[in-house]
Amino acid sequence: MSNILEANDISVQFGGLLAVNNVNFNIPKKSIVSLIGPNGAGKTTFFNVLTGLYKPSAGNIVYDGRDITDLAPHKIAEIGIARTFQNIRLFGLMTAQENLLVAMHSHLKSGITATILRTSKQRKEEREAEERAQEILDFAGVGKWTYEFARNLSYGDQRRLEVARALALNPKVLLLDEPTAGMNPQESQIFIDFVRKLIAERDVSVMLIEHDMKVVMSVSQRVTVLDQGEKIAEGSPDEIKSNPRVIEAYLGKPKGSK
Amino acid sequence: MAKTIAPNNVAKSNRKWITGYSIIGLLLFITYQFLLPWEGLPLGIYDAIYRWMPPSAINESLVYIIMALGLNIVVGYAGLLDLGYVAFWAIGGYCAGWFMSEFFYFLNINFLGSVPAEAPGIHINFWMVLLIGGFVCAVFGILIGAPTLRLKSDYLALVTLGFGEIIPQVFFNGENFFGYNISNGTKGIVGVDSIPVGVKNLGPFDFGWKLLIFLLLTAVMVFISLRLRRGRLGRAWLAIREDELAASMMGVPLMRTKLSAYAVGAFAGGLGGVAFATHVNGVYAERFNFTISIFLLAMVVLGGMGNVWGVILGAFILSWVNGNGLTAFGQLYNEQFGTEIDFASFTFLLFGLVLIFMMLFKREGLLPESRLKLMLHEDELDQIDASSKSGDK
């Protein structure tokens, strides 16, 4: 099977509001796919369904051949779906290193007793985790901020640290929610290069929610468009650019047409 | 405002505090065990010590410190507000009452106890009862936590409040608990076994030696707190305190992590309960009331949430003022000015004022954790940031 994640017929209902309506979505292995759409189209809701924060009212999600629809959020994170947030949600008063170590929580084994006694096994585990954290921080380009509180980092570095934290989960699927929001064009470009490097060097697929069309069109292999909870188009960036329904969703209907 | 936490050497920093702690502990022990009974001690000094810091008061302070350290794990580390901590103290106390006295006179169980083998009742070795009390409390912590920890903070506080009322009430009316006497009700369980330390058994009046034992228990709690704080679990607690949702999205199981904070905190409550029972030589239901929960919380907040040294300082100050300090001060004042003011009755007025002023001027506590200080003074720091940046340009 070439898809790492498959979401089948997902619907999410909040009271009378159908936030996501019967959406099929899959992420092929080692690919970058994007989800775009106007504000309120249900993109972040869809993300929240994939990460287990909301349970879909209908449909199921299969990850790596396993149904994860009913798994708890921390389990989904543990088996390899990591995410970042639209508004950065780092642990501000923890150092960059600690932020990553928290993400490694589910992969570390030491229990209460081992931690209190500082057994040699626990010490070894901590040392290895710290080394791995440093490796990921270096990879994400924030290696010099290891012992800095996350909140003290610049905006761009916080974005990168959030991706680094997600990578510390050792994910196969990485969900990025508007990663370049608030970045200037140069910073966005650095970020695009970083995501490309990520795909090239690691066994990971990236799903992107993004408003910056330049970023979306330059980096994605496939683009899906949501509007009012429904999937209205899917295809390569070029196809999407010329799709009349997409243009309509973003710009409205041309004057005089019905 | 770049504040960096350097990767300090764990072993070295541990050695540092253990040395300092041992020196202070040893000085206290020498003072109370040898200096105080010494006949050559000038009467003035003897009187001063007895007035300001009698042996029983310092031991009681240590019991409060042990429990405040436990509460600190729940409130300071994991950020869960617990208003019913006194329940664990009570359960620990009754564990001592049940397993170290003649309360169950119809039984005859003796396991390395400090009384003759034929004595009626259950007599288990003090050190084991400590562990039993701790673990029983931990189990209760989990039982209470499992259904309630899903609640958001305010609701959790209310449920713990209820729990803190129910447990002491059960003991208070425990003379007939479904037909069984579990607590002797208001009469309490009088007389618990002395503490065996190999060469001798420590009765209720061996203050000096008991001081040493309580100091040891406190050190164990400090040690546990510091070690856990730096480990995998401590990081997860902190992450939950910072941002629960993000923590769960990063693979931290919220329930289990919160429950473990509850269990470790309750364990300390159990230690405190057993220690207190040996200190007052009995278990008395009316001691375990709601004010104690608030009192302990005030200790943690006054000292500085999340920092063990701050919590120790806060617990020591408050328990001292409550137990002895204010009375001693009142005595001095009345002698000096010929008045007859009952200072001890103003204790809670004083605490109220202290907390109000704390919240106004030093919200982070006396010895704050560096992170918390940053969080609570965010606005001011931002101003400093802004002014220093504009100064650069």
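The values are calculated or read from the model by the stated rules, or taken from the named source; none is laboratory data. This structure is a prediction, so every number in the text was calculated from the model and none was measured. Note that each Cβ is placed from the backbone with ideal geometry, even for glycine, and that neighbours are counted across all protein chains shown.
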Just to be sure I understand the filter: pairs with C-beta atoms under 8 Å, separated by 6 or more residues or on different chains, first member in region A:34-53 and free of Cβ contacts under 8 Å to residues at least 12 places away in the same chain, second member surrounded by fewer than 21 Cβ atoms within 10 Å (Cβ to Cβ). Which pairs pass? A:ASN48/A:TYR54
Condition test on B:LEU107, is it among the hydrophobic types (A, V, I, L, M, F, W, C) and either crowded, with 19+ Cβ neighbours inside 10 Å or in contact (Cβ under 8 Å) with a residue 24 or more places away in the chain (or both)? no
Within region A:97-109, residues more than 7 Å from every other protein chain (Cβ to nearest Cβ), in a helix (DSSP H, G or I) and more than 18 Å from B:SER370 (Cβ to Cβ) come out as A:LEU100, A:HIS107
Taking A:SER34 and the conditions (1) of a type in the set (Ser, Thr, Tyr); (2) more than 18 Å from A:ALA249 (Cβ to Cβ); (3) touching a helix residue (DSSP H, G or I) at 6+ places or on another chain (Cβ under 7 Å), which numbered condition does it fall short on, given that it satisfies the others? (2)
Of the residues in region A:109-135, those that are crowded, with 17+ Cβ neighbours inside 10 Å and in contact with a Gly (Cβ under 9 Å, 6 or more places away or on another chain) come to A:SER110, A:ILE112, A:ALA114, A:THR115, A:ILE116, A:ARG118, A:GLN122, A:GLU126
Checked region A:110-123 for anything more than 10 Å from chain B (Cβ to nearest Cβ) and either closer than 19 Å to B:ALA263 by Cβ or hydrophobic (A, V, I, L, M, F, W, C) (or both); matches are A:THR113
Specify which of the listed residues (B:LEU374, B:LEU381, B:LEU366) is out of contact with any helix residue (DSSP H, G or I) (no Cβ under 6 Å at 6 or more places or on another chain) and at pLDDT 65 or above. B:LEU374
Going by the conditions given, is B:VAL252 within 13 Å of chain A (Cβ to nearest Cβ), crowded, with 24+ Cβ neighbours inside 10 Å and under 21 Å from the mean Cα position of the chain (by Cα)? no
Single residue of A:GLU148, A:GLU78, A:GLU126 found to be among the charged types (D, E, K, R), at the interface with chain B (Cβ under 8 Å from one of its Cβ atoms) and touching a Pro at 6+ places or on another chain (Cβ under 9 Å): A:GLU78
If you take the residues of region A:83-96 that are more than 8 Å from chain B (Cβ to nearest Cβ) and touching a residue at least 12 places away in the same chain (Cβ under 8 Å), which of them is farthest from A:ASN39 (Cα to Cα)? A:ALA96
Among the residues that make up region B:68-88, is at least one of them farther than 21 Å from B:PHE171 by Cα and of a type in the set (S, T, N, Q)? yes
Cβ pairs under 6 Å, 6+ apart, first in region B:253-265 and in contact (Cβ under 8 Å) with a residue 12 or more places away in the chain, second surrounded by fewer than 20 Cβ atoms within 10 Å (Cβ to Cβ) and β-branched (Val, Ile, Thr): B:LEU259/B:ILE142; B:ALA263/B:ILE142
Note on region B:193-208: residues of a type outside the set (Ser, Thr, Tyr) and surrounded by 18 or more Cβ atoms within 10 Å (Cβ to Cβ) are B:ASP193, B:ILE195, B:LEU202, B:ASP206, B:PHE207, B:GLY208
For the structure I just gave you, tell me whether B:VAL192 is touching a residue at least 12 places away in the same chain (Cβ under 8 Å), within 25 Å of A:GLY52 (Cα to Cα) and assigned to a loop (DSSP other than H, G, I, E, B). no
By residue number, the members of region A:73-100 that are of a type in the set (A, V, I, L, M) and within 17 Å of the chain's Cα centre (by Cα) are A:ILE76, A:ALA77, A:ILE79, A:ILE81, A:ALA82, A:ILE88, A:LEU90, A:LEU100
Pair list, Cβ < 6 Å and 6+ apart or interchain, from region B:220-246 residues that are farther than 26 Å from B:VAL63 by Cβ and more than 7 Å from chain A (Cβ to nearest Cβ) to residues that are surrounded by fewer than 23 Cβ atoms within 10 Å (Cβ to Cβ) and not polar (S, T, N, Q): B:ARG241/B:GLY79
With the condition kept exactly as written, say whether any residue in region A:176-191 is within 14 Å of another protein chain (Cβ to nearest Cβ) and buried (at least 16 other Cβ atoms within 10 Å of the Cβ). yes
